[in-house]
Amino acid sequence: MSEPVVLHLDSVTKRFGSFAANDNISITLHRGEVVALLGENGAGKTTLMNILFGHYVPDEGEVYINGSKIAQGKPKEAIAAGVGMVHQHFSLAKNLTVLENVMTGTEPLLGWKSDTAKGRQKLRALEQKFGLSVDADARVGDLSVGEQQRVEILKALYNDARILILDEPTGVLTQQEAEGLFQTLRVMAQDGLSIIFISHKLNEVMKGADRVVVLRAGKVIAERATSQTSKEELAELMVGRRVERPVREASTPGAVVVRARDVVVQAGAVTRLSGISFDIRAGETLGIVGVSGNGQAALCDLVAGVVPADSGAFEIDGHPVAQLTPRDLSGMNVGRTPEDRNTQGAVGELTLWENAVLERISDPRFSRQGFLRKAPARAYCQALIERFDVRGGTPNSRISLLSGGNMQKLILGRSLVQRPVFLLAAQPTRGLDEGAIAAIHEDILAARKGGTAVLLVSEDLDEVISLSDRIMAIHAGQLSPAVDAQGVDARQLGLMMAGEWGGMR
Amino acid sequence: MTDIFDILFTVGLWSSVLRIATPLIFGTLGALLCERAGVLNLGIEGIMTFGAMIGWLAVFQGADLWVGLLVAALAGALFGLLHAGLTVTLGLSQHVTGLGITLFASSFSYYIFRIAIPAQNTPPTVEPFQPLDIPVLSDLPFVGPALFSQTAPTYLAIGIAIFLAYFLARTPMGLAVRITGENPHAAEAQGVDPIRVRYGAVMAGSALMAVGGAFLTLSAFNSFFPTMMQGRGWICIALVVFSTWKPGRAILGALLFALFDAYQLRLQNVLGQVVPYQIFLMMPYLLSILALVIMSRSARVPQALMQPYRKGER
């Protein structure tokens with residue numbers, strides 16, 4: 001490439017104890033280039049970016065920006081050298097306005113008056129130049145996640161960043177927002193900015209980047225121009241072996257296990273679900289797709305027994321769920337993996353074994369006369385760990401120490417080990433890497449094969465298409481008619497997700 | 001019965017309202033500044049007591065009244081330094097540290113006072129601040145003597161409230177304080193050092209608290225006694241919530257509380273025979289709680305209040 005090198009990481013090594021998170025990594029970035037840093041969770045991507053931005057000091061190696069070495073461990077130096085970072089978890093003050101967030105730290109602290117007029121003008125110019133419209137006086141907490149990300153990007157641009165680093169930028173975005181983001185990045189690159197984004201999603205790497213650097217276990221494994229590689233090759237490089245998502249086999253569903261008829265769920269004056277009906281048979285998976293916020297959460301709450309139906313009938317295995325508590329449901333052998341594993345699925349401060357037995361705490365296997373039986377509980381947890389390949393902890397470790405994928409394996413495992421009659425899998429692979437996704441899919445398919453009725457709620461279309469027998473879309477609290485997953489195309493699902501199912505039977 | 005309402009139209013009531021409100025304004029502004037930077041400072045009750053003692057003692061030893069206030073401010077800033085050291089640098093619980101500082105500072109005040117002034121039957125006094133008539137305005141009927149014939153520190157309190165409102169809303173450093181209280185990581189990412197901001201805010205805020213205490217011994221009264229704070233610090237903490245962390249509203253809240261207090265004092269004279277006086281003593285607190293409930297439901301608490309900031313941790 002003929003464009004000049006703007007950023008050069010030279011043999012960077014960072015160790016935490018004896019563990020090398022980054023091992024002798026060298027990367028160059030040219031002017032006007034978009035580079036993706038691809039790797040699984042734990043491959044060292046975020047560590048590397050934190051070194052680049054000055055949050056961490058590397059043990060060895062140097063960072064050069066425009067040919068000059070920058071002092072390490074000082075974000076201020078990095079900002080001054082033109083590096084802007086957009087964190088995965090935004091660094092925004094939600095109670096302050098967009099303009100205030102953007103202007104913080106950009107003026108001498110001892111001034112008598114912030115020049116908000118000038119700041120507003122500069123912000124406006126940047127918005128127009130890069131198509132990042134956002135209301136400068138809006139309170140950041142009132143903005144959507146996509147808009148908040150725009151504020152983060154604007155913040156970097158306002159600081160005259162010429163090199164932009166984005167850490168998992170699409171993790172929190174909807175499909176449409178993500179597409180908008182990559183368009184914006186493209187415009188920026190044409191304007192001469194250089195961009196590095198971190199990702200473990202093959203689709204967006206192929207679509208959004210000019211060049212891909214693949215990281216595995218702290219080392220650079222390969223570099224490829226996106227025009228000369230394929231998703232399959234990148235997946236293999238990233239994971240270190242061939243990964244294929246498991247494929248659903250045909251099966252003959254059994255009797256109806258879950259039955260919903262004209263179910264309405266209201267929250268105050270808001271109707272969250274308006275008259276939905278569906279059946280799920282034993283050994284069948286029903287997939288629900290939809291843009292987030294269209295009633296998925298209400299559906300999951302209903303199915304998990306957290307929220308009762310205001311009208312209509314909802315039965316699992318012949319029992320009306322309205323009269324059951326979540327505890328009754330787990331007694332009936334209904335497995336649930338909640339949407340947010342960190343807040344609803346697991347208690348981070350508790351150990352693996354405590355989390356493993358939490359929903360069956362009164363089971364005589366695990367408690368007797370009000371006292372816990374720790375040894376059997378630990379043994380049970382150990383069995384789960386082995387059977388579901390949970391890595392990174394023992395039964396006595398805190399569960400928050402596990403990676404997302406391993407935590408999810410345990411949560412799913414504790415439901416599946418009971419051979420549930422019904423499994424609710426809500427966003428089962430959100431934020432997980434390829435290897436973990438394959439393992440989770442394997443488990444869900446095995447449950448289906450074993451005769452479990454599965455309700456899969458997910459925003460990942462590929463996932464729903466590959467795991468489900470039938471697919472429904474949820475839109476504004478209503479369900480579309482079901483379509484057969486065999487031969488459905490993404491375009492049709494897209495229309496359904498937009499609520500356009502008028503012509504369907 | 002008419003007496004009860006007649007009180008509201010006496011000059012004496014309104015001029016005492018401002019006097020009662022002044023230490024509360026100082027204290028509330030001080031606590032507010034700390035909290036806007038994300039640090040709860042429950043050391044306030046003790047810091048005000050210490051300010052009252054040290055300011056008075058300085059004047060008693062011959063210093064000028066203004067020097068007395070300055071000494072109180074410096075002592076307050078030192079306690080702020082201690083509080084910041086424990087809560088910001090070491091990241092200790094802000095509740096426990098603050099209460100510890102209150103207990104320590106209160107006892108320490110008494111200790112120093114007793115060393116300097118051995119026990120006497122009548123406490124020694126100083127010559128306090130005298131009322132300052134604002135030209136023209138103080139000649140207005142009713143309003144003049146009620147509002148514009150106060151001692152200098154009262155005007156100072158109002159002035160500081162206006163300044164603080166401007167500082168927080170309009171200056172780059174005020175913005176740095178606010179963003180640190182909302183999200184110190186955001187501050188750090190923009191090159192603002194949240195640790196230094198917090199130290200500065202806690203020290204300045206504690207200085208204001210101590211000045212509020214010194215107002216009691218150098219203006220409202222003319223002597224020091226160890227129990228004189230009577231929970232004014234805690235009232236300030238509540239007023240910060242009442243003010244929804246806005247300096248302008250802090251004045252309003254302090255005035256409202258002072259009005260209840262001044263009114264009940266006078267009511268005691270009128271109705272003291274009928275109703276036990278303890279009921280009247282209780283009234284301002286009760287009404288404050290009520291006002292708190294009404295005012296603060298929509299309040300936006302600084303999001304990082306009571307969260308220690310550690311670099312590199314999220």
Return the long-range amide H neighbours of A:A222 (sequence gap of 5 or more, or a different chain), with a cut-off of under 5 Å between placed amide H atoms. A:V214
What helix-only [θ] at 222 nm does chain B give? Using -39500 (n - 2.57) per DSSP H run of at least 4, over all residues, to the nearest 500, the answer is -22000 deg cm²/dmol
Karplus-derived HN-Hα couplings along region A:45-52 (A = 6.51, B = -1.76, C = 1.60, θ = phi - 60°), whole Hz, x at Gly and Pro: 5, 5, 4, 4, 5, 5, 5, 4
Ranked order, A:D484, A:D10 - accessible area, probe 1.4 Å, largest first: A:D484, A:D10
State the Cα centre-to-centre distance between region B:237-294 and region A:131-160 in whole Å. 43
For region B:1-100, what is the convex hull volume of the alpha-carbon atoms per residue, in Å³? 144
Looking at region B:37-164, I'd like the Rg to Rh ratio, where Rg is from alpha-carbon atoms and Rh is Kirkwood's inverse mean 1/r. 1.07
On the formula 1/(1 + (r/R0)^6), with r taken between the Cβ atoms of B:A63 and A:L110 and R0 of 22 Å, the FRET efficiency rounded to 0.05 is 0.10
With each run of n ≥ 4 DSSP H residues scored as -39500 (n - 2.57), what mean residue ellipticity at 222 nm is computed for chain A after dividing by its residue count and rounding to the nearest 500 deg cm²/dmol? -9500 deg cm²/dmol
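Can you give the charge dipole size of region A:5-239 about its Cα centre, rounded to the nearest 20 debye, using +1 on the beta carbon of Lys and Arg and -1 on the beta carbon of Asp and Glu? Intermediate results must be reported in sequence, preceding the final value.
Working: 26 positive and 29 negative charges, 84 e Å.
Dipole size: approximately 400 debye.
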Which of the lysines could a cross-linker span from A:K449 if the Cα-Cα distance has to be under 17 Å and same-chain partners fewer than 8 positions apart are dropped? none
Would you pull out the residues with amide H under 5 Å of A:G42's amide H, same chain only if 5 or more places away, H placed 1.01 Å from N? none
Protein-only accessible surface order, largest first, of B:W14, A:W353, B:W66 at 1.4 Å: B:W66, B:W14, A:W353
A correct Karplus calculation of ³J(HN,Hα) over region A:212-218, with 6.51 cos²θ - 1.76 cosθ + 1.60, θ = phi - 60°, whole Hz and x for Gly and Pro, returns 10, 10, 9, 10, 9, 6, x
Could you pull the accessible area for B:F104 with a 1.4 Å probe, rounded to 10 Å²? 100
Expressed as a whole percent, how much of the Cα-Cα distance distribution for chain B exceeds 24 Å? 54
Please report, as a whole percent, how much of the solvent-accessible surface of region A:195-263 comes from carbon and sulfur atoms (probe radius 1.4 Å). 47
Any chance you could give the angle, 0 to 90 degrees and rounded to 10, that helix B:194-215 forms with the longest Cα principal axis of chain B? 10
Probe 1.4 Å - accessible area at B:M282, Å² to nearest ten: 90
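Rg over Rh of region A:256-497, using C-alpha atoms and the Kirkwood radius, what does it come to? The partial results should precede the final answer.
Values: Rg = 17.6 Å, Rh = 18.2 Å.
Rg divided by Rh gives 0.97.
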Helix A:404-416 against the longest principal axis of chain A: what's the angle in degrees, Cα atoms only, rounded to the nearest 10? 0
The simple spin-label model distance between B:Q307 and B:I289, using points 7 Å out along Cα→Cβ, in nm, is 3.1
Protein accessible surface hidden between A and B, which excludes ligands and nucleic acids, total in Å², probe 1.4 Å: 2400
Whole-Hz couplings from phi, Karplus 6.51/-1.76/1.60, listed for region B:134-141; x for Gly and Pro: 6, x, 6, 4, 6, 7, 4, x
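Two-decimal Rg/Rh of region A:5-239 from alpha-carbon positions, Kirkwood Rh?
Values: Rg = 17.6 Å, Rh = 18.2 Å.
Rg/Rh for region A:5-239 comes to 0.97.
For region A:328-439, what D do you get in µm² per second when you plug the Kirkwood radius from alpha-carbon pairs into Stokes-Einstein at 4 °C and 1.567 mPa s?
Details: Rh = 14.0 Å.
Estimated via Stokes-Einstein, D reaches 92 µm²/s.
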Just how much of A:E147 is accessible, in Å², when a 1.4 Å probe is used and the result is rounded to the nearest 10? 60
Heavy-atom accessible area order for B:Y263, B:Y111, A:Y64, largest first, 1.4 Å probe: B:Y111, A:Y64, B:Y263
Roughly what % antiparallel, to the nearest 5, for the DSSP beta bridges in chain A? 55
Can you give the accessible area per residue of the protein assembly as shown, in Å², using a 1.4 Å probe? 44
Take the Cα atoms of the protein assembly as shown, find their three principal axes, and give me the spread along each one in whole Å, biggest first. 96, 70, 57
Average projection area in nm² (convex hull over Cα atoms of region B:95-227, one quarter of hull surface): 11.9
Along principal axes, Cα extents of region A:234-306, largest first, whole Å: 52, 31, 18
Grab the beta carbon distance between A:S466 and B:F104, set R0 = 45 Å, and tell me the FRET efficiency rounded to 0.05. 0.10
Rounded to the nearest 10 degrees, what's the angle between the helix A:175-190 long axis and the longest principal axis of chain A, both from Cα atoms, 0 to 90? 10
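The values are calculated or read from the model by the stated rules, or taken from the named source; none is laboratory data. None of the values given here were measured: they were computed from a predicted structure. Ideal geometry is used to build each Cβ from the backbone, glycine not excepted, and the neighbour counts take in all protein chains shown. In case anyone asks, the SASA skips ligands and DNA or RNA and just uses the protein heavy atoms, side chains included. Shrake-Rupley method; radii C 1.70, N 1.55, O 1.52, S 1.80 Å.
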